[in-house]
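Since the structure comes first, as structure tokens, the remarks are kept for the end.
Nothing in this text is a laboratory measurement; each read-out follows from the coordinates by a stated rule. Just so it is clear, the structure is predicted and the values come from calculations on it, not from any experiment. Neighbour counts are summed over all protein chains in view; Cβ atoms, including those assigned to glycine, are modelled from backbone coordinates with ideal geometry.
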Amino acid sequence: MTSVSEPSLVTPLWPNGAPGALGSSPDDIPKLTAFLPPAEKRNGASMLILPGGGYSHLAPHEGKSFADWLVTLGICCYVLQYRLGTHGYRHPCMLQDAARGLRLVRGFARRDGLDPARIGIIGSSAGGHLASTLLTHFDLGQPDASDPVERESSRPDLGILCYPVISGVTFPHQGSFDNLLGEKYGHELVRELSNELHVTAQTPPTFIWHTAEDPVVPVENAFLFASALRKACVPFDLHIYEKGRHGLGLRANDPAAPPWDADCVYWLRQRGFLKT
């Protein structure tokens, strides 16, 4: 894909260091990288992007490449570098990073005259697990916090889940959960992070896509989350494509990828997330 945007700003999530930081190397400093449309092209919406990688690394084609696509739609994009299991981090560090990132993006929207009620989140594979964790484990902010960022809600206004890891109980991707939780963890913690079990009527509307022949993350993960959304009467779109390996990303990067991006744009317009 030809780049249509350049990173305009890199912002550490916490100016004085992340909670639970194990050091001060780049891997210990979660951050947002902004990819912004020209001012006259912005439609007021923003998106937090969580690349996948099994909580062991971050896949570039699910980060900047997604931002390049979404920027063409007029969406201000922020790719999150969150902390990883391979660097010694465990839950709840990843969720802390995602929640803080969402709060910052909402604050940026207020600052820049964008719409703080049109803040989406998109995640792929393990990034989809982290996105679905925030979709089901958000909070509305702390009104009396001294840090203005912490006063912002961490609830996304919608979610997009690409071949997501969802459950540690049923059809799990074991590697992601091992990196997220370590080698020894209890059943209750696995249930707490099996996000199909925590969908409520307050869970944001969600677009989900997967391929039926995914050999890495079973397609049943998508079914589990969609079924939970259905039971909670939360709007959703579910797209299961017959062909495709795991981690395809966009067609612009891999011609084998299904046309999920076009389906997603249709859904975003239906939701009123895209105004133009």
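In segment 198-212, of all residues being among the hydrophobic types (A, V, I, L, M, F, W, C) and surrounded by fewer than 17 Cβ atoms within 10 Å (Cβ to Cβ), the one that is farthest from L134 (Cα to Cα) corresponds to A212.
Quick check on segment 161-168. Is at least one of its residues free of Cβ contacts under 8 Å to residues at least 24 places away in the same chain and under 23 Å from P60 (Cα atoms)?
Taking segment 161-168 and keeping what is free of Cβ contacts under 8 Å to residues at least 24 places away in the same chain, we get none.
No, segment 161-168 has no match at all.
Scanning for something buried (at least 23 other Cβ atoms within 10 Å of the Cβ) and part of a loop (DSSP other than H, G, I, E, B), does segment 174-191 turn up at least one residue? For segment 174-191, residues buried (at least 23 other Cβ atoms within 10 Å of the Cβ) and part of a loop (DSSP other than H, G, I, E, B): absent. Can you pull out every residue in segment 242-261 that is touching a residue at least 24 places away in the same chain (Cβ under 8 Å) and among the aliphatic types (A, V, I, L, M)? Across segment 242-261, the qualifying residues are L248, L250, A252.
For segment 57-167, the helices (runs of 4 or more DSSP H) that sit wholly inside it and include 3 or more residues that are over 11 Å from the mean Cα position of the chain (by Cα) and crowded, with 17+ Cβ neighbours inside 10 Å are 64-71, 93-111.
Considering V265, V217, the condition of being part of a helix (DSSP H, G or I) and under 17 Å from the mean Cα position of the chain (by Cα) is satisfied by V265 alone. If you go through segment 39-56 one residue at a time, do you hit one that is in contact (Cβ under 8 Å) with a residue 12 or more places away in the chain, under 22 Å from D157 (Cα atoms), in a helix (DSSP H, G or I) and in contact with a strand residue (DSSP E or B) (Cβ under 9 Å, 6 or more places away or on another chain)? No, that holds for no residue. Only one of the numbered conditions (1) free of Cβ contacts under 8 Å to residues at least 60 places away in the same chain; (2) surrounded by fewer than 16 Cβ atoms within 10 Å (Cβ to Cβ); (3) in contact with a Gly (Cβ under 9 Å, 6 or more places away or on another chain) is not met by P215, and that is (3).
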